Amino acid sequence: MGIIGSRENKDKKPVVLIVGGGYGGVQCAKALDKTGHFFVVLIDRKSYFFHNIGALRASVEPNYAHQILIPYDRLLTHGCVVQAEVEVISPDGVKVNGHDEPIQFDYLVIATGSSYAFPGKVAETEQSQALAHYDNLRQKIEQAKRILIIGGGPVGIELAGEIATDFPHKDITLVHSGVALLDSGAFKKEFYTRLQADLERLGVKIVFNDRVDLNTTTYAHQHEKFIEGDQTFLTTKGKIEIKTDLTFVCTGAHVNNRSLKAGPLVAELDPNKEGRLNVNEYLQVKGYTNIFAIGDISSKEEKLAFLADKQADYVASFITRIEHKKDFPEEYRPAKHPAMLVTLGRNGGVGQLPTKGGSTIVKYVKSKGMLTSKQWCTLNQKRHQATQSTDTEQLDHSSGYENKLDSLKHSMEFTEDDARQLLAGLPAKELELGQDFI
Ligand SMILES: Cc1cc2nc3c(=O)[nH]c(=O)nc-3n(C[C@H](O)[C@H](O)[C@H](O)COP(=O)(O)OP(=O)(O)OC[C@H]3O[C@@H](n4cnc5c(N)ncnc54)[C@H](O)[C@@H]3O)c2cc1C
């Protein structure tokens, strides 16, 4: 068990134990730590925060991986980050690998999130291993001539966009089982048509309503679903022959609930929601007043980092209120409108927000810096300087906007004014009144 930034709970403050140091866990830990009223213990198996929003950029840009692996050591002032594998989460305590005695808590926040096949997320617990992994993959992408991406969800789309932008001469095919990219009918029609048109303009061939049979495929590691070497696939419906020398399988996340299955909270895992934890309207795990679940592990809301942040802020303020014996807070208000910002490489993408300007924000903000500055700021760190994206100026320019993107957490209440503020300073033609931005 490694302790990062260890401090003792000398003043016997109430202990908030947070399992999972992803977006939700880190945001909640920081908010509670700031109050000074709690001793916050954040546990994660990794020695670093993984900013997976930038993971696909790290797959194509040399050294970019340094930007998305952020140390935890400056996160907390009144607590500590513990590097350990959590084996059992139970209302009586949390058991970590190698220690018989469970860790006790006054409040427990479960934020174990989800896993995704590399390169979307990484399984490596040490920074050096993860860096080597991205470096290795980038070289494979550089060398490959024909690339197949299976799955037209956000990860498959963004990966195709990154590769097509940085390596415009590669032959890239994306096979998607749905009739439109993303599979979700929640967005405006223009969102889908523009996404497809922009990806095709980058030279990506898209095969819809078809599948690639991978039943006989074996992977070197279960968490790395890419296949190296010459392959010829025949799609199952259209019998389209696809020759490839590098194949990525981008077909969905896996909920991190093993440590919950090993304890009594297994009863609250919802089989209809891929094994996520059922929570009530206050984000409490059903049946418990001092146990909460946020982010991808929770059955609430869409699975997005900014919503994990929003839930984290809610739970932090809830815990603070009940600790101070204030009135019960209002119920958590889930997102009212669909919102998504999908990048297509470093020069563009398509976005939908509850107001206009989604695609402009993708183009000028997210696609440039991948919201990385904001995340370094959340972890109280100065951004990694040893490497730099090709767009230094754009990154610095965009970091101000990134911080303003905090309002996206409350974005379902995102107003026209918020959007104008966020977009202020961008080229005027992008902001022409009445222009129909997605
Ligand atoms: C490639 C990619 C791009 C994305 N882009 C966006 C985007 O642009 N915008 C957006 O809003 N969302 C995006 N998402 C979705 C977003 O990443 C997730 O919604 C987000 O990661 C959820 O945060 P979380 O805190 O719930 O969990 P996670 O970020 O999954 O973090 C969970 C943490 O818990 C730890 N953990 C789990 N189990 C254990 C255990 N047993 N012991 C110890 N530690 C454990 C893990 O190591 C991990 O650090 C993207 C996802 C992917 C894969």
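Take the conditions under 18 Å from the mean Cα position of the chain (by Cα) and more than 10 Å from the ligand (Cβ to nearest atom) and apply them to GLN67. Does it pass? The answer is yes for GLN67.
Considering the stretch 70-96, the residues that are modelled with pLDDT of 95 or more and among the polar types (S, T, N, Q) include one that is nearest to the ligand (Cβ to nearest atom), namely GLN83. Looking at the stretch 98-120, which of its residues are touching a residue at least 40 places away in the same chain (Cβ under 8 Å) and either more than 18 Å from VAL40 (Cβ to Cβ) or near the ligand (Cβ under 8 Å from one of its atoms) (or both)? Of everything in the stretch 98-120, those that are touching a residue at least 40 places away in the same chain (Cβ under 8 Å) and either more than 18 Å from VAL40 (Cβ to Cβ) or near the ligand (Cβ under 8 Å from one of its atoms) (or both) turn out to be GLY98, HIS99, ALA111, THR112, GLY113, SER114, SER115, TYR116, ALA117, PHE118, PRO119, GLY120. Candidates are the residues of the stretch 347-370 that are outside any helix (DSSP H, G or I) and surrounded by 23 or more Cβ atoms within 10 Å (Cβ to Cβ); the one that is farthest from the ligand (Cβ to nearest atom) is GLY357. For VAL249, indicate whether it is among the hydrophobic types (A, V, I, L, M, F, W, C) and loosely packed, with under 15 Cβ neighbours inside 10 Å. Spelling it out, it is not the case that VAL249 is among the hydrophobic types (A, V, I, L, M, F, W, C) and loosely packed, with under 15 Cβ neighbours inside 10 Å.
The values are calculated or read from the model by the stated rules, or taken from the named source; none is laboratory data. Values in this document were obtained by computation on a predicted structure and should not be read as measured data. Because the Cβ atoms are built from the backbone with ideal geometry, glycine has one as well, and the counts that use them run over all protein chains shown.
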